[in-house]
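Only one structure is covered here, and it is reproduced in the block below.
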Amino acid sequence: MKYFFIITLFFCSISLFSEQDNSTDNNVTTTTTTTSTTNNQPRKQKDGWDLYAEGNYTASIKALDEEKKQFPTRINIFIILGWNYKAIKNYKEMEKISLEGFAINPTHINILRNLGEAYFFQGKYQDAIKQFEKYLKIRNDWNDPNTHLIYTYLGTSYFHTGYLFKADLALSTANSGKSNNVQTLLLLAEINEKLEKNDKAISYYEKVLIIDPINNAAKTAISRIKKG
């Protein structure tokens, strides 16, 4: 009964739960400028978004920093800067620029996601939880192909902070959206083992072995549990 209450509370308090939200990332642009060609036809000059899309992250950061001087409250600039810093694994700068964006718009889902991921990849799980929970209160749409990822981040953060029941629930939700992720299944198995739900843990480990028959972690865990 207590576990049912936790589940009900979790879904009531989080009405939604984004690598990047493909349904929104591709719609984000920054400043567009043009230059003239020899036949007097306008030609679009590459901006920070174009450079990011090309994978030229350093050049994109430089361009966006210049755009930010001209448009200091344009939220898309802060979002794309966050993506750039994530791409080069500079999570400290990702956190910094996301906090700047948060000060401008504290409910933008891409800002919340960027900030949550910046905290997550630095091991700041308590801070990450706050951002991912905010994200899910605003948007929880399974038509979004990345919703399961947000639940995975959230569940993993719960796990690392000792909230095992919440971790189980969030990761089970992630698994229902994308059920063949070996790492999610392994973590679910470990959580249930810690909760002394051995039958359920073995079931998850066995699902891992269906996907990855030579997975040593799953094999070792099943043997350990059965030995008692």
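The values are calculated or read from the model by the stated rules, or taken from the named source; none is laboratory data. Since this is a predicted model, take the numbers as computed values, not measurements. Cβ coordinates were reconstructed from backbone atoms using ideal geometry, including for glycine residues, and neighbour counts include every protein chain displayed. These area figures cover heavy atoms from the full protein model, side chains too; ligands, DNA and RNA do not enter into them. Shrake-Rupley method; radii C 1.70, N 1.55, O 1.52, S 1.80 Å.
Brief remarks follow.
- Considering the stretch 210-228, the residues that are in a helix (DSSP H, G or I) and more than 17 Å from residue 191 (Cα to Cα) include one that is least open to solvent (accessible area, probe 1.4 Å), namely 211.
- Close Cβ contacts (under 6 Å, 6 or more residues apart or on different chains) running from residues in the stretch 125-154 that are at negative phi to residues that are modelled with pLDDT under 90 and of a type in the set (Phe, Trp, Tyr) comprise 136/17; 140/17; 147/17; 150/17; 151/17.
- Selection within the stretch 67-113 - part of a loop (DSSP other than H, G, I, E, B) and either open to solvent by 60 Å² or more (accessible area, probe 1.4 Å) or touching a helix residue (DSSP H, G or I) at 6+ places or on another chain (Cβ under 7 Å) (or both): 71, 72, 73, 74, 88, 89, 105, 106, 107, 108
- In the stretch 148-157, the count of residues that are over 30 Å from residue 189 (Cα atoms) and open to solvent by 20 Å² or more (accessible area, probe 1.4 Å) is zero.
- In the condition set (1) farther than 18 Å from residue 125 by Cβ; (2) surrounded by fewer than 19 Cβ atoms within 10 Å (Cβ to Cβ); (3) touching a Ser or Thr at 6+ places or on another chain (Cβ under 9 Å); (4) modelled with pLDDT of 95 or more, residue 207 is compliant with all but (2).
- Residue match in the stretch 24-47 (condition: open to solvent by less than 40 Å² (accessible area, probe 1.4 Å), under 23 Å from residue 154 (Cα atoms), modelled with pLDDT under 95 and under 19 Å from the mean Cα position of the chain (by Cα)): yes
- Some residue of the stretch 179-193 being surrounded by fewer than 22 Cβ atoms within 10 Å (Cβ to Cβ), among the acidic types (Asp, Glu) and either touching a strand residue (DSSP E or B) at 6+ places or on another chain (Cβ under 9 Å) or closer than 22 Å to residue 112 by Cα (or both): no
- Unmet requirement for residue 19, which otherwise passes all of (1) modelled with pLDDT under 50; (2) surrounded by 20 or more Cβ atoms within 10 Å (Cβ to Cβ): (2)
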